[in-house]
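Since the structure comes first, as structure tokens, the remarks are kept for the end.
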Amino acid sequence: MRRLLLTLAFLCAGAQAQQTLAPGVVFVSGGFEAGRQPDGNSLLLKGDQGWLLIDSGRHRAHTEAALSAAGGELRAVLNTHWHLDHLGGNAWLKSQRPDLKFWASPAVAKSLAADGWLDRYRRQLVEAIPTAPPEQAAVMRVDLDLLNQAEALRPDHEVPAASLQTIAGRRLQIGVETAVSGGDLWVLDKASGTLAAGDLVTLPVPFMDTACPPAWREALARISAQPFQRLVPGHGPVMSRDDFKRWRGGFEALLDCADQGLHPGACAAVWRSRVDRWPDDAGRARVNGMLGYYFKTLLQAPTEQRERFCRRP
Ligand SMILES: [Zn+2]
């Protein structure tokens, strides 16, 4: 809940934009608009049987934009992980298109189960909404409304391990990591050289709310070894291979700086020196506040707290 309230303080403008990256590969950008929680980026891939949507956003406007970009031929949805800015749109999509098939890691069902992360979050929202200021209550209600449709957020197909899958007729290499949420899928479309990284790559900072940083370093090494030309991050603009290399260098430098016990402000400056070319002004303005929060709650927290997301069953 503290994270939710903190997020509300980082207000900025943003909007969905749509971009064809290659034949049959369409990017729908997420956003982080004033007074709202974010939507993650989405990617559409066209197979022989129609379109696959990777990540469904949180807000209706984002999910509608993704559905309309598929021109009525959406066949399947894959969620990279269970954070609501990538999963929440499933509920509305299922209500519109009951025949859609949903793919995700087993961590989605775990987070929705009794006493899983999303189930606890739902109870916190129920408790907090009656006494929250009206604007914050409205933001919280968006998530509560999604979590009250928990059954519609569950996948039809689970991807428990790295594997080759054909979804909507498109052949994909899927990787399974644990670093960000306990079950993070990345998807390599070899035909176009496009890799959808989910929140294993984000801007303006790495989102570390439920992260295990050492596992994250290993996941990025595995992604690095894949033959992609462009990478779609969970948040932020599409990256070239060189862009990703630069981003990863910043990530490693940020973690090294934190591990050496250096001041969060100094480490934020190191991060900014590597990635400053990407975020807009609003994104840049959020870097220090967000990193300061992650240093306190995770990166430079007492050992027990720092490793709490590294012990997921
Ligand atoms: Zn996200």
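Within the accessible surface of region 2-240, defined with a 1.4 Å probe on protein heavy atoms only, the carbon and sulfur portion equals 52 percent. In the structure shown, do any of K190/K245; K101/K245; K46/K94; K94/K190; K110/K296; K190/K296 have a Cα-Cα gap over 30 Å, and if so which? Flagged as over cut-off: K101/K245; K190/K296. Packing, taken as the mean count of other beta carbons within 10 Å per residue, orders the peptides 259-267, 20-28 from highest to lowest as 20-28, 259-267.
Dividing the Cα radius of gyration of the chain by its Kirkwood radius returns 0.94 for Rg/Rh. By the helix-only formula, in which each DSSP H run with n ≥ 4 contributes -39500 (n - 2.57) and the sum is divided by residues, the chain has a 222 nm mean residue ellipticity of -11500 deg cm²/dmol.
What base-10 log of the normalised intensity I(q)/I(0) is obtained for region 109-207 from the Debye formula, alpha carbons as equal point scatterers, at q = 0.18, 0.19, 0.21, 0.22 Å⁻¹? Listed by q, the Debye log ratios stand at -1.01, -1.06, -1.14, -1.17. Rolling a 1.4 Å probe over the protein chains gives T166 an accessible area of about 80 Å².
By DSSP, the beta bridges lying fully in region 2-240 are antiparallel in about 65 percent of cases. On a per residue basis, the chain carries 41 Å² of accessible surface, using protein heavy atoms and a 1.4 Å probe. Per-residue 3J(HN,Hα) values for region 105-120, derived from phi via the Karplus relation 6.51 cos²θ - 1.76 cosθ + 1.60 with θ = phi - 60°, read 7, x, 5, 5, 4, 4, 5, 8, 5, 3, 6, x, 4, 5, 5, 5 Hz in sequence order (x marks Gly and Pro). Here the Karplus relation 6.51 cos²θ - 1.76 cosθ + 1.60, evaluated at θ = phi - 60°, turns the backbone of region 170-182 into coupling constants of 10, 8, 9, 9, 10, x, 10, 10, 10, 4, 9, 9, x Hz, with x for every Gly and Pro.
The values are calculated or read from the model by the stated rules, or taken from the named source; none is laboratory data. If you're wondering where the values come from, they're calculated on a predicted model, not measured in any experiment. Every residue, glycine as well, gets a Cβ built from its backbone with ideal geometry; the counts of neighbours run over all protein chains shown. We work out accessible area using only protein heavy atoms, side chains counted, and drop any ligands, DNA or RNA first. Shrake-Rupley method; radii C 1.70, N 1.55, O 1.52, S 1.80 Å.
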